[in-house]
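Student: Before anything else, here's the structure in question.
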Amino acid sequence: MTHIRTLILGGGMSGLSCAYHLKSDYQLWEKSDEPGGLSRSVKKDGFVFDHTGHLLHLRDPYTLTLIPKLLGDNLVKNVRNAWIYSSGAFTRYPFQANTYGLPKRVVEACLKGLIDAQLASPPTPLPVGEGGPPKAGGEASPETLRKWVLRTFGAGFGEYFFFPYNEKLWTVSPDALTAEWMAPFVPKPSVAEIVEGAFTDRTQQYGYNATFLYPREGGIQSLAFAFAKSIKNIRLKQEVKTIDLERREATSASGETLSFDTLVTSLPLARFLALAKPLPSDIAAAAKTLRWTSVYNLNLGIQRPRLTDKHWIYFPEKKYPFYRVGFPMNFSDKMTPPGCSSMYIEIAYRPGQPPDDKKTLQACLRGLYDCGLLDRNDKIISQGVLQIPTAYVIFDKNRTPSTNTILSYLKSQNVHSIGRFGGWKYSYMEEAILEGKATAEAIDSL
Ligand SMILES: Cc1cc2nc3c(=O)[nH]c(=O)nc-3n(C[C@H](O)[C@H](O)[C@H](O)COP(=O)(O)OP(=O)(O)OC[C@H]3O[C@@H](n4cnc5c(N)ncnc54)[C@H](O)[C@@H]3O)c2cc1C
C-alpha cells in the first residue's frame, strides 16, 4: 500500500490551493474528471456558463497578487451593477439603501418601519465583525434572522425584501435561521443614507463585492485549470469511498487504498462524515443535525445582443420561482457568441426534491416575460440545467454548535476540514483559496 504524508480530498478552490501551496508530498483525489468543484464552467452552443455566477471578489493582498499571477492577462475587472426587481420596479442593490423608484406605499412602509425600529431600540453592533468572513467557530447567535431584520431595518424592509428573499434562498422561514452569517454579506447603510436613498437615485456602492474580477475567457474554471497546471499530484476520477480514521487509510471507488499522516478534506461535512469510520456517537449525532439547500441552475442563451447591462438581479417576490438571475455576457464579452446574451437563473430547493425541468422552464419564462427581461419574440438558442446538490449551509440553531463539535473532533484526528462545505459555512472562493494556503503552511510547519 502506498503511504503519503498528506491526502487532499476534493479539487475545488480550497483543495487546489492547498495542493498548490504544499511543499511536502501529497496526493489530491478528485471524483470529477475535471478540477474546480463548484468553480467549474460548461461550454454549450458557443456559450460559457459557470455553476450560476462565480465572480472573484478579492480583498486580501495575497490573492490580489496570486490571481493575476495565475491568470495573466486573462482577467477583466467589473464594477458591480446589481439590482432588485420588486413591486414592478427595478431598484439598485442593496434594497435597504435604494428604495427610490418603488411605489410610494412600499417606500412609506420601509421608512416607517425603520423609524419604529430606531425608536424601539438603539442600533446594536452586528453579531460578527462587519466586513470579516463568517467564522465557523464563532458564537451561536441566539437572534433569528427575522428578529435581526426587525431590529436593524424594521418591518417594511422585512416584508418587502428580507423575509421573502431569504425564505426563497434558504427554503426555510426567517424564524428558523440565525443572523450569524449576515454581517459580511448584508450591507448596513446609515439611517441618513437609507432616507436619502428613498428620495434620490443614489449610485453609492456598498458591500463586499462592489467590484469583481473575472476571467476574460473560459469562465471561472480558467482559474481552476491555472491552479491545476502547477499541481503535480492531482488524481481525477478518483472518488473516495471510505476513510478509516483509526488506520489512517482512504479507499477509492476503484478499490485503491492509500495510507496518510494528515488528511485535508473539502467534501461537504455531512458527506465526509458518512464516509469516515469510526465516529464517536456525539459526532454522528451532530452530523445528523446539519442542513443545507440545493440549487437548480437553468442557463439560457438568447439570440439578442446585450438584453441588459445589469450583472445580476435579485427577485424577492414569491410569484417568481427564481431568487436571482445573472448575465454572464456582462462579466466578459467572450461568454457568448457575437450578437447574443446569456442568463443564469437560480432556484433553491430542499435536498432530494429537485424541481421538474419542464414546469420550471415554463415558470421561469413566464417570470422573465413578466418582468420584461425577455420578450416573447426572443429566440432561445441554448438551454441547459446544472445542479448544485450542496449549495448553501442552513444557519439554523444547530449549525454552529454541531459544526464546532465536529470540527474540533476532526482537528484532534489530524483532519483539516476546509472550504465552504468542509468548514460548513457561507463563504466564497477567496476564502477557500486562503484557507487552502493556510492549511498547507500549517502542515509544512510540522
Ligand atoms: C450558487 C452559488 C454561487 C456562488 N457564487 C460565488 C461567487 O460569485 N464568488 C465566490 O467567490 N464564491 C461563490 N460561491 C462560493 C464558492 O462556490 C465556494 O466558496 C468555493 O467554490 C468552495 O470551494 P471548495 O473547494 O471549498 O468546495 P467545492 O468547490 O465544492 O469542492 C469540493 C470538491 O470535492 C469533490 N468531491 C466531492 N465528493 C468527493 C469524493 N467522494 N471524492 C473525491 N472528491 C470529492 C467535488 O467534486 C469538488 O470538486 C458560490 C456558491 C454557490 C453555491
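The values are calculated or read from the model by the stated rules, or taken from the named source; none is laboratory data. If you're wondering where the values come from, they're calculated on a predicted model, not measured in any experiment. Reconstructed Cβ throughout: ideal geometry from the backbone, glycine too, with neighbour counts over all protein chains shown. Quick note on the areas: whole protein, heavy atoms, side chains included, nothing else; ligands and nucleic acids left out. Shrake-Rupley method; radii C 1.70, N 1.55, O 1.52, S 1.80 Å.
Student: Do any strands (runs of 3 or more DSSP E) entirely within the stretch 38-129 hold 3 or more residues that are over 20 Å from V149 (Cα atoms) and within 16 Å of the ligand (Cβ to nearest atom), and if so, which? Spell out the reasoning first.
Tutor: Working: elements: 41-44, 47-50, 76-79, 82-86, 89-92.
Those strands (runs of 3 or more DSSP E) span 47-50, 76-79.
Student: List every residue pair whose Cβ atoms lie under 9 Å apart, where the two residues are 6 or more positions apart in sequence or sit on different chains, the first residue falls within the stretch 138-150 and is outside the structural domain of T400 (by TED's automatic domain parsing), and the second residue, located anywhere, is at pLDDT below 50 and open to solvent by 60 Å² or more (accessible area, probe 1.4 Å).
Tutor: Once the first residue is outside the structural domain of T400 (by TED's automatic domain parsing) and sits in the stretch 138-150, its partners that are at pLDDT below 50 and open to solvent by 60 Å² or more (accessible area, probe 1.4 Å) give G138/P127; E139/P127; S141/P127; E143/P127; W148/P127.
Student: Here is a further query. Here is a check on your reading of the model: is R248 more than 13 Å from the ligand (Cβ to nearest atom) and either in contact with a strand residue (DSSP E or B) (Cβ under 8 Å, 6 or more places away or on another chain) or farther than 26 Å from H51 by Cβ (or both)? Steps first, please.
Tutor: Numbers: more than 13 Å from the ligand (Cβ to nearest atom): yes; either in contact with a strand residue (DSSP E or B) (Cβ under 8 Å, 6 or more places away or on another chain) or farther than 26 Å from H51 by Cβ (or both): yes.
Against the criterion (more than 13 Å from the ligand (Cβ to nearest atom) and either in contact with a strand residue (DSSP E or B) (Cβ under 8 Å, 6 or more places away or on another chain) or farther than 26 Å from H51 by Cβ (or both)), R248 qualifies.
Student: Yes or no: the stretch 78-93 includes at least one residue that is surrounded by fewer than 16 Cβ atoms within 10 Å (Cβ to Cβ) and among the hydrophobic types (A, V, I, L, M, F, W, C).
Tutor: The answer is yes; a qualifying residue exists.
Student: Out of the helices (runs of 4 or more DSSP H) lying entirely within the stretch 386-446, which hold 2 or more residues that are among the hydroxyl-bearing types (S, T, Y) and more than 8 Å from the ligand (Cβ to nearest atom)?
Tutor: Details: elements: 399-412, 419-422, 429-444.
Here the list reads 399-412.
Student: Quick check on K237: is it at pLDDT below 95 and among the basic types (K, R)? Steps first, please.
Tutor: Working: at pLDDT below 95: no; among the basic types (K, R): yes.
So K237 does not fit the description; no.
Student: Here's a check for you: in the stretch 348-363, which residue that is open to solvent by 70 Å² or more (accessible area, probe 1.4 Å) and in contact (Cβ under 8 Å) with a residue 60 or more places away in the chain is nearest to L300 (Cα to Cα)? Walk me through how you get there before you give the answer.
Tutor: Taking the stretch 348-363 and keeping what is open to solvent by 70 Å² or more (accessible area, probe 1.4 Å), we get 350, 352-354, 356-359, 362.
Within this subset, residues satisfying the condition of being in contact (Cβ under 8 Å) with a residue 60 or more places away in the chain are 350, 354.
Working: R350: 23, P354: 19 Å.
Checking each candidate, the answer is P354.
Student: Let me ask something else. Please work out which residue is farthest from N98 (Cα to Cα), limiting yourself to the stretch 312-331 and to residues that are part of a loop (DSSP other than H, G, I, E, B) and open to solvent by less than 10 Å² (accessible area, probe 1.4 Å). Before the answer, list the steps.
Tutor: Of the residues in the stretch 312-331, the ones part of a loop (DSSP other than H, G, I, E, B) are 315-323, 327, 331.
Still in the running and open to solvent by less than 10 Å² (accessible area, probe 1.4 Å): 315-316, 320, 322-323, 327, 331.
Working: F315: 15, P316: 15, Y320: 21, F322: 21, Y323: 19, F327: 21, F331: 23 Å.
Looking at the filtered set, the residue picked out is F331.
Student: Of the residues A228, A224, A270, A284, which single one is closer than 26 Å to I347 by Cβ, of a type in the set (A, V, I, L, M, F, W, C), open to solvent by 10 Å² or more (accessible area, probe 1.4 Å) and assigned to a helix (DSSP H, G or I)?
Tutor: On the way: A228 fails: closer than 26 Å to I347 by Cβ; A224 fails: open to solvent by 10 Å² or more (accessible area, probe 1.4 Å); A284 fails: closer than 26 Å to I347 by Cβ.
So the residue among A228, A224, A270, A284 that is closer than 26 Å to I347 by Cβ, of a type in the set (A, V, I, L, M, F, W, C), open to solvent by 10 Å² or more (accessible area, probe 1.4 Å) and assigned to a helix (DSSP H, G or I) is A270.
Student: Continuing with this model, one more query. Could you pull out the residue among T211, T200, T171 that is under 21 Å from the mean Cα position of the chain (by Cα), open to solvent by 40 Å² or more (accessible area, probe 1.4 Å) and either in contact (Cβ under 8 Å) with a residue 40 or more places away in the chain or closer than 29 Å to D333 by Cβ (or both)?
Tutor: Result: T211 is the single residue among T211, T200, T171 that is under 21 Å from the mean Cα position of the chain (by Cα), open to solvent by 40 Å² or more (accessible area, probe 1.4 Å) and either in contact (Cβ under 8 Å) with a residue 40 or more places away in the chain or closer than 29 Å to D333 by Cβ (or both).
Student: If you don't mind, there's one more thing I want to ask. Pull up the stretch 404-434, narrow it to residues that are more than 13 Å from the chain's Cα centre (by Cα) and more than 25 Å from A284 (Cα to Cα), then point me to the one that is least open to solvent (accessible area, probe 1.4 Å).
Tutor: By that ranking, first place goes to I433.
Student: Ok, one more. Residues that are within 16 Å of the ligand (Cβ to nearest atom) and surrounded by fewer than 21 Cβ atoms within 10 Å (Cβ to Cβ): does the stretch 367-384 have at least one?
Tutor: Keep residues of the stretch 367-384 that are within 16 Å of the ligand (Cβ to nearest atom), which gives 384.
So of that shortlist, the ones also surrounded by fewer than 21 Cβ atoms within 10 Å (Cβ to Cβ) come out as 384.
Yes, because at least one residue in the stretch 367-384 is within 16 Å of the ligand (Cβ to nearest atom) and surrounded by fewer than 21 Cβ atoms within 10 Å (Cβ to Cβ).
Student: So, in the stretch 43-63, how many residues would count as being more than 15 Å from E431 (Cα to Cα) and over 18 Å from the mean Cα position of the chain (by Cα)?
Tutor: Initial filter on the stretch 43-63 (more than 15 Å from E431 (Cα to Cα)): 43-53.
If we keep only those that are over 18 Å from the mean Cα position of the chain (by Cα) too, we end up with 43-48.
Qualifying residue count, the stretch 43-63: 6.
Student: Considering each of D333, D309 in turn, give the residue that is more than 16 Å from the ligand (Cβ to nearest atom) and free of Cβ contacts under 8 Å to residues at least 12 places away in the same chain. Working first, answer last.
Tutor: Details: D309 fails: free of Cβ contacts under 8 Å to residues at least 12 places away in the same chain.
Answer to the selection: D333.
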